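A.B. asks: Submitted below is the structure of interest, expressed as structure tokens.
The values are calculated or read from the model by the stated rules, or taken from the named source; none is laboratory data. Just so it is clear, the structure is predicted and the values come from calculations on it, not from any experiment. Here the Cβ positions follow ideal geometry from the backbone for every residue, glycine too, while neighbour counts run over all protein chains shown. Please note that ligands, DNA and RNA were not included when accessible areas were found on the heavy atoms of the full protein model with its side chains. Shrake-Rupley method; radii C 1.70, N 1.55, O 1.52, S 1.80 Å.
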2 protein chains.
Amino acid sequence: MQPAGVMSGPIPENKDQSMSTYVKGLEGIIAAQTEMSFIDGQKGILEYVGIPIGELSEKSTFEETVFLLWNKRLPTQAELDKFTSDLRSRYKLPEGMPERIRSLPRTAQPMHVLRTQISALGMYDPDPNANLVEAAREKALNILGYTPTIVAEFDRMRRGLEVVPPDPSLSFAENFLYMLNGEKPTPTMARAFDICMILHADHGLNNSTFTARVIISTLSDVYSAITGAIGSLRGPLHGGANEGVMKMLNEIPSVDAVEDYILGKLERKEKVMGFGHRVYKTRDPRATALKSLAKQLASDTGNEELYIKSRRIEEVMEREVGAKGIYPNVDFYSATTYHCIGLKLDLFTPMFAMSRLGGWSGHIIEQLADNRLYRPKAEYIGPHNAPYVPIDQR
Amino acid sequence: MQPAGVMSGPIPENKDQSMSTYVKGLEGIIAAQTEMSFIDGQKGILEYVGIPIGELSEKSTFEETVFLLWNKRLPTQAELDKFTSDLRSRYKLPEGMPERIRSLPRTAQPMHVLRTQISALGMYDPDPNANLVEAAREKALNILGYTPTIVAEFDRMRRGLEVVPPDPSLSFAENFLYMLNGEKPTPTMARAFDICMILHADHGLNNSTFTARVIISTLSDVYSAITGAIGSLRGPLHGGANEGVMKMLNEIPSVDAVEDYILGKLERKEKVMGFGHRVYKTRDPRATALKSLAKQLASDTGNEELYIKSRRIEEVMEREVGAKGIYPNVDFYSATTYHCIGLKLDLFTPMFAMSRLGGWSGHIIEQLADNRLYRPKAEYIGPHNAPYVPIDQR
């Protein structure tokens, strides 16, 4: 028996658990093992399967990155060609889905649409619960292929525009921007978007990834796990934060107004969107990669002021709270990047989902390969031995 | 600094977390505080807000139990009347939904249907993300009211039968059976079903409840959290287990065949469905309540053999593995109960969802009232400092 409040080593089954401690938000608790991403929050390192994120964002593509995450190694040319062509053959939505998307209310929010459409796939799959690794991978690939098309078709529909069918000769990034805008993106634009997809693809046991693992641990199914993850990502404390950054940038009237705006926020102890991260106590390496991308795109698209405003916010924040380890996170410069690419505000979080599908699916496959049901405990803090008082005596 | 692998007390923010230990499935980890249900797995006690589950299943109703869970106290007569009438006014589905249910493939599985229809509500709600306690409670009440109707209308549709509109003069339990079967249930049947609903309403931090809390902790929305919970419950290691029990009962040809069947399973180290529970190391008090219900219903409906078969399984299991603390859990006798009520196999888990909505919603409200983002860590077990080898050199 150990002293109260002390927990040592993995807890064997059937042992009295009454001594363990409540850790709010599970901070610092290790809840899974992974071979996909490594984060050193003190040193600001992020690697996918050992390769630094800076290398990948410079030299890889989203397709290759997903292959890397799912297979724990880089593909040969033949493997990459096959993976890419398998993915492209899934750009087109299954029968009936385009009609269902056209019948949706135009006012629906894209994250609610995406969550519902992915969930709906489970109703049309003749074998939705198949869970062995190959089947799960197949379903994940379907979802990855369909997701950009779902988002683009819904967005065109609500704008009253004709749907642009996917073009399987284009990359994941190019095809999405093509379906959304009705014209092929410039190479710079497509590459910028591809880099965003690489940078957001996986990030340890973030809330949505954890959600996916928790759900699949009941031996549920890929649709259930991904649907849950989309719902988690929606929240403003997670994927929804990039929308919050853009709203903040819009709220600040000019570069000169930044200082007062930020100081006011800090004084009122309000959160400054896009800064700070549970894991990073130094610069988020994804923010570093995005920053130069945002700068170039802002200049290419006449959005210099937006970038300069962002830079100014970063300077003020660094001066005021940099010593506390609060730095820009991945959301901060992705807002400027997505805006310059021409994405509407409420598509920012769906873009995050499109990319993170790579990570979610990889974690689902890892969890299935070595599963144990997630079933923590709650600490009961209410009364005991209460009587059932008859209703006329209450 | 503590020695490696030892964790003591709540971990303060910004502290080096590298020493914590991987606890698979989060077993024994306290991940939330609750004022709703208390479980003593050693003594076989389950209480809702301090009231023993046996008292509630004998004297309360599902409506009153949900009020209890959401308000942490029993209602006065006036409060119960208002709560009941608020719930009954939500039996009828919102405009458009019956048509959408009619257009679904008949082959869809009810849990995939339920998950998708609850998710879809978020697309039609003009303010789907409203998260303050009152708004969350309102959405939870809508979902609780709609769910039986969604399940019943889908089931009637797939059987090629006319939809039976809900009857707001009936209780939650009566109305569901009425919509499903097209005739009012006998008082015994309705009461049995109501007791099932009471018994399944909440159970600490089970996987689906945990899922709901994890999702809402990003400050996401009620639709996202409940959708995720439904996906979790689907799994055979969680709510799907009651289907597994029924399949096992159907597989055993006769009472005489029970002994060999169970001994064979145990010899092959296969799981016997409906036995054992992570939390209970003695009799699950819900199983005790269900057992007498199952017996009575089996006798009322001419299903004696099913009950006798179940009893025989329990006897063999008790003799063989009772000493290891493996006893019938809530799923074991709920299978017989649901079968005697006339529910089809694939409606068993949706029934569980209908009831557990009470718990999920209560936990969502608790989480929102004192939120901290769930964000555990993953332990990275892959390579480091891997080079990005150019594709032609792989």
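A.B. asks: Among the numbered criteria (1) more than 22 Å from A:E366 (Cα to Cα); (2) surrounded by 14 or more Cβ atoms within 10 Å (Cβ to Cβ); (3) of a type in the set (A, V, I, L, M, F, W, C), which single criterion is violated by A:A78?
C.D. replies: (2)
A.B. asks: Can you tell me which of B:R312, B:R394 is over 26 Å from the mean Cα position of the chain (by Cα), open to solvent by 10 Å² or more (accessible area, probe 1.4 Å) and free of Cβ contacts under 8 Å to residues at least 12 places away in the same chain?
C.D. replies: B:R394
A.B. asks: Take segment A:256-309 and flag every residue that is aliphatic (A, V, I, L, M), buried (at least 18 other Cβ atoms within 10 Å of the Cβ) and part of a helix (DSSP H, G or I).
C.D. replies: A:V258, A:I262, A:A287, A:A289, A:L290, A:L293, A:A294, A:L297, A:A298, A:L306
A.B. asks: Among the residues in segment A:44-58, are any under 22 Å from A:A353 (Cα atoms), of a type in the set (G, A, S) and within 9 Å of chain B (Cβ to nearest Cβ)?
C.D. replies: Within segment A:44-58 (the criterion being under 22 Å from A:A353 (Cα atoms), of a type in the set (G, A, S) and within 9 Å of chain B (Cβ to nearest Cβ)), the answer is no, since none of the residues qualifies.
A.B. asks: Yes or no: segment A:183-203 includes at least one residue that is in a loop (DSSP other than H, G, I, E, B) and open to solvent by less than 10 Å² (accessible area, probe 1.4 Å).
C.D. replies: There is at least one residue in segment A:183-203 that is in a loop (DSSP other than H, G, I, E, B) and open to solvent by less than 10 Å² (accessible area, probe 1.4 Å).
A.B. asks: Now for a different question. Is it the case, given these coordinates, that B:K92 is open to solvent by 10 Å² or more (accessible area, probe 1.4 Å) and at negative phi?
C.D. replies: When the stated conditions are applied, B:K92 passes them.
A.B. asks: Here are the criteria: (1) more than 14 Å from chain A (Cβ to nearest Cβ); (2) in contact (Cβ under 8 Å) with a residue 60 or more places away in the chain; (3) surrounded by 24 or more Cβ atoms within 10 Å (Cβ to Cβ). Tell me which single one B:T149 does not satisfy.
C.D. replies: So B:T149 meets the others, but not (2).
A.B. asks: Would you confirm whether any residue within segment B:349-366 is outside any helix (DSSP H, G or I), in contact (Cβ under 8 Å) with a residue 12 or more places away in the chain and not assigned by TED's automatic domain parsing to the domain that holds B:L293?
C.D. replies: no
A.B. asks: Let me ask another. Count, please, the residues in segment B:34-43 that happen to be more than 9 Å from chain A (Cβ to nearest Cβ) and assigned to a loop (DSSP other than H, G, I, E, B).
C.D. replies: 1
A.B. asks: May I pose another question? Being open to solvent by 10 Å² or more (accessible area, probe 1.4 Å), in a loop (DSSP other than H, G, I, E, B) and touching a residue at least 12 places away in the same chain (Cβ under 8 Å) is the filter here, so list the residues in segment A:108-131 that pass it.
C.D. replies: Passing the criteria: A:Q109, A:D125, A:N129, A:A130, A:N131.
A.B. asks: Go through segment A:367-390 and count every residue that is closer than 26 Å to B:H238 by Cα and outside any strand (DSSP E or B).
C.D. replies: The qualifying residues number 12.
A.B. asks: Report whether or not A:G228 is outside the structural domain of A:I195 (by TED's automatic domain parsing) and outside any loop (DSSP other than H, G, I, E, B).
C.D. replies: So A:G228 fails the test.
A.B. asks: Okay, moving on. Can you find even one residue in segment B:227-238 that is more than 30 Å from A:L237 (Cα to Cα) and touching an Asp or Glu at 6+ places or on another chain (Cβ under 6 Å)?
C.D. replies: No, there is no match, as no residue in segment B:227-238 is more than 30 Å from A:L237 (Cα to Cα) and touching an Asp or Glu at 6+ places or on another chain (Cβ under 6 Å).
A.B. asks: Sticking with this structure for a sec: Out of segment B:356-391, which residues are more than 7 Å from chain A (Cβ to nearest Cβ), surrounded by fewer than 24 Cβ atoms within 10 Å (Cβ to Cβ) and among the small types (G, A, S)?
C.D. replies: Answer for segment B:356-391, where residues must be more than 7 Å from chain A (Cβ to nearest Cβ), surrounded by fewer than 24 Cβ atoms within 10 Å (Cβ to Cβ) and among the small types (G, A, S): just B:A369.
A.B. asks: Moving to a separate point now. Where residues in segment A:70-91 are touching a helix residue (DSSP H, G or I) at 6+ places or on another chain (Cβ under 8 Å) and of a type in the set (D, E, K, R), which of them is nearest to A:S169 (Cα to Cα)?
C.D. replies: A:R88
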